[in-house]
Structures are given as structure tokens and as C-alpha cells.
């Protein structure tokens, strides 16, 4: 019955499965929070293992929607065979255009068997996301302030705690610091001016990468990380034809837009580097990182010129059994909570009470 319900979602308007996906956040929080309370008396590493499992389960539910119910074709390029060869702890960096970029990281991690181990470097303001802001902090994600307010000592301390309590980690960072928006040329112009001032080539299709958080992660976790994954993402929905038959760049899809993308494609180019291939000094790291973004700029430029993509692209099918059990579990939990009076009390206590607690906690806590 539950599987029939899940498959029926595919035939509904795209907003319906997206709404179901969003409304499962309180369900996840209600599942996770009691364990978090009990785990206070358990070894911290035991909590870390169980927490990674729970987060991975939830992200499989997310991927059920974005890969199995969503009609977008996913194509991988570059060092995908190396990425899938074994489970690793990695520093994952990507260009940033959309909230879907987070889902793209899921798509790679699940195929390696590392989905629950994903942690994120986040802007400080995101700590006030209802439920998620608090959960991310408990999941050992890292909040950072920008520019002069950047607290290197606090970030370094947080980084050094990860190997103590987590067996493996994919640390996700978007070095641009904000999304590339073709409709906001002032941001791109400011980024290009910074490049020129630094004696570097100005980038046209991505923003200039910020170095501090990346360098601190690389330096402090050098013996913990196995590799750096350099990921470039291109969405076919961003390629727009004008009246003259030329191509222009449109906005990258939001999560809801992505789920409307029948016949569309997402192209994921991944390059793997061993940590020993990276320089150790911050200035040299900045040059190396900028060099990687020069390559991203070239790849993106080819794509927006004539839809060119790198050679050797291939699909890596995601088995139904990789995501279906999680989808059945969370759908069953949702039905149980929404269909009974007691369940609705639990659900709304999680949604409202959990949000109030999380916002208060994160407001009082210095996390960045």
C-alpha cells in the first residue's frame, strides 16, 4: 500500500511531492530528537555513528523524490570511476548556482555509500533555519562568518573535533560564498574586480573562490581527508534560446523548478585530487583554488556557448532499493503522525516546539 502511495505521487502535480518532502522535516526531527537526548549518556562516537545513519536514511528519502520521481537525467563526467571505487573522507568543493547543488552532492555521495557522512560549511545566518539550523550544528556542520567577522580560531576548533567523533566525512563547501546569479551582474563585476586586483584572471561564469575556510579545512584535516573532490555542475534548464537562435544563461532551477524538469539534464563533472597534490601555504592554496575555478569557468563557458560538455559522460543508475525503503519508512511515519490525534500532537510539537527550541538555542550559542 505504501509503495502504491509513493508511486502515485509521481503522477501528481510537481508541487505535491515537493510539499510532502518539505513537510517531512518535523517528522525527521521527531525521530531524531529523542535519540539525541538519550545519547547524552552515550559515548560521543556512538552518537556520531547513529546520527550519520539517521541522516543518511533521511537523505535517501530526499533522493527518492529528486532521482526516482523527478524526470531529470543525471550524467557524470571526469573521475567518476575513482570516486565510486571506495568510501573516502573528502573535502568536496563545487560551483554554486542553486539549492539543488546540495542535492547534487547527495547524488554523488549515495553512489559511494557515504550519504550519512555529509557535513556542510554554512553561512552563519543559516543557523536560524527552522529545525535544520540546529540539526546541522548537532551533525558537526560548520558555520562561518564572512570577511572581517571570520573567526579562524573557532572554525579550527570545530574542524579538529570532527575526526574525534566521526569515522568519515564529506565536508561540502561552496567557495564562491554565494550563488552565481546571471540577473545580478553587479556581484559578478565585483568578483572580477577582486580577481584583477589580485593579479588573477577574471572569471566570467563563476565567482572568485574564497580561500580561508577551504584552506583551514585542508590544513587541519590533512591526515583525515583522503582526497579533494572538485565538482562542476551544469543544469540544462539554464540554457535559454533567444529569438535570434542564440544562447543565453538563465537562472539555475530551484528545488521545485528542478522537479518540473521533464526531459532536462544535470551534468556533473568531478575531478579527484589527493591531498598531497595541494599546496600548504594559504597564498599558494588561493592560487591553486583559483586555477580550479578557471577550469570551471572554461567548462561552463563551453556549455553556455553551444551546450558543449566534456567527453566520456555516463549514467550511473541508482537502484530502487537504495532509496525505496527510506521512502516507505518516512511515508509510513508521516501517515501515522498525520492521521491520528496523538500523531498530530507529536508532529506539531516537533514543528512548533522544536523550531522555538532550536531558534533559542542557536541564538544563544556562539557557533561562528
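Could you run through the range 61-75 and say how many residues are at pLDDT 95 or above, within 23 Å of residue 311 (Cα to Cα) and either in a helix (DSSP H, G or I) or in contact with a helix residue (DSSP H, G or I) (Cβ under 8 Å, 6 or more places away or on another chain) (or both)? Looking only at that region, the number is 1. Considered as a group, the residues in the range 177-198 that are over 21 Å from residue 239 (Cα atoms) and in a loop (DSSP other than H, G, I, E, B) include one that is modelled with the highest pLDDT, and that residue is 177. Checking each residue in the range 266-286 for being within 16 Å of residue 206 (Cβ to Cβ) and not in a strand (DSSP E or B) picks out only 286. Residue 300 meets the conditions (1) in contact with a strand residue (DSSP E or B) (Cβ under 8 Å, 6 or more places away or on another chain); (2) modelled with pLDDT under 95; (3) surrounded by 12 or more Cβ atoms within 10 Å (Cβ to Cβ) in every case but one. The failed one is (2). Counting the residues of the range 218-254 that are touching a helix residue (DSSP H, G or I) at 6+ places or on another chain (Cβ under 6 Å) and in a helix (DSSP H, G or I) gives 1.
Can you tell me which residue in the range 99-114 is nearest to the chain's Cα centre (by Cα), limited to those that are at pLDDT 95 or above and not in a helix (DSSP H, G or I)? Here the answer is 114. Within the range 131-155, being at pLDDT 95 or above and either farther than 27 Å from residue 356 by Cα or not in a helix (DSSP H, G or I) (or both) holds for 131, 139, 140, 141, 142, 143, 144. All of (1) under 20 Å from residue 32 (Cα atoms); (2) surrounded by 21 or more Cβ atoms within 10 Å (Cβ to Cβ); (3) within 14 Å of the chain's Cα centre (by Cα) hold for residue 132 with one exception: (2). Among the residues of this structure, residue 209 does not count as one that is part of a loop (DSSP other than H, G, I, E, B), closer than 18 Å to residue 141 by Cα and either modelled with pLDDT under 95 or in contact with a helix residue (DSSP H, G or I) (Cβ under 6 Å, 6 or more places away or on another chain) (or both).
The residues in the range 290-323 that are touching a helix residue (DSSP H, G or I) at 6+ places or on another chain (Cβ under 6 Å) and either within 18 Å of residue 229 (Cα to Cα) or outside any helix (DSSP H, G or I) (or both) can be counted, and the count is 3.
When you go through 45, 86 one by one, which is the residue that is modelled with pLDDT of 95 or more and surrounded by fewer than 17 Cβ atoms within 10 Å (Cβ to Cβ)? If you could, list the steps in order and put the result at the bottom.
Working: 45 fails: modelled with pLDDT of 95 or more.
Result of the check over 45, 86: 86.
Being touching a residue at least 40 places away in the same chain (Cβ under 8 Å), more than 23 Å from the chain's Cα centre (by Cα) and either closer than 29 Å to residue 131 by Cα or not in a helix (DSSP H, G or I) (or both) is the requirement here; does residue 201 meet it? Spelling it out, residue 201 is indeed touching a residue at least 40 places away in the same chain (Cβ under 8 Å), more than 23 Å from the chain's Cα centre (by Cα) and either closer than 29 Å to residue 131 by Cα or not in a helix (DSSP H, G or I) (or both).
The values are calculated or read from the model by the stated rules, or taken from the named source; none is laboratory data. Keep in mind that this is a model prediction, so the values were computed, not measured. Every residue, glycine as well, gets a Cβ built from its backbone with ideal geometry; the counts of neighbours run over all protein chains shown.
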